[in-house]
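Asker: Before we start, here is the structure in question, set down as structure tokens.
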Amino acid sequence: MDDPRTSDGTTVLYASLPALAIAGPLLSLMGFTLLTSLALLLVAAPLQILFSPILLPAGFVVAAAVVAFGTAGAMGLGGLWALNWAFGYATRGPADRAGPTKVAGPATETLTESGQRVKERAQDFGGYLQYKVDVLPPENAPRKENINET
């Protein structure tokens, strides 16, 4: 009638020995740490009160420097991300564009299309100027209907 839920005293003793071997030194180290912390607190508390007019502003300066460096790092990472995005947009195109990406990115296409558009507008304006020279009379020239009346 061995019931696995019951155990005799020797089993409990054998199971407790390793726990005591591990917990004993840890408990003594915890006590030593507590005593040293309290002793250092007794020494440091008057010094902290004595030097608080110096330590408090110094702490604010250190905290502000840490915040400033963190902000600068975050802005630097944001700038690198933006440059990476712009480079990717110029070379690969927008991420939501369907189909395979082209070798020449949209920035190149936009420059080419802009060049074509400027060329077409220049030709149109040149044609307008040529029409103005050929068909329209000069603005300072006397009009023909005024010459016949005199």
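Read-outs throughout are calculated quantities, based only on the coordinates presented, and are distinct from any laboratory measurement. What you see is a predicted model; the values in this text were computed from it and never measured. As a convention, Cβ positions derive from the backbone with ideal geometry for all residues, glycine included, and neighbour counts pool all protein chains shown.
Asker: Based on other C-beta atoms within 10 Å, arrange Arg92, Arg5 from fewest to most.
Answerer: So the ranking, lowest neighbour count to highest, is Arg5, Arg92.
Asker: How far, in nm, would the chain grow between Val135 and Met30 when pulled straight, counting 0.36 nm per residue and subtracting the alpha carbon separation?
Answerer: Answer, rounded to one decimal: 27.3 nm.
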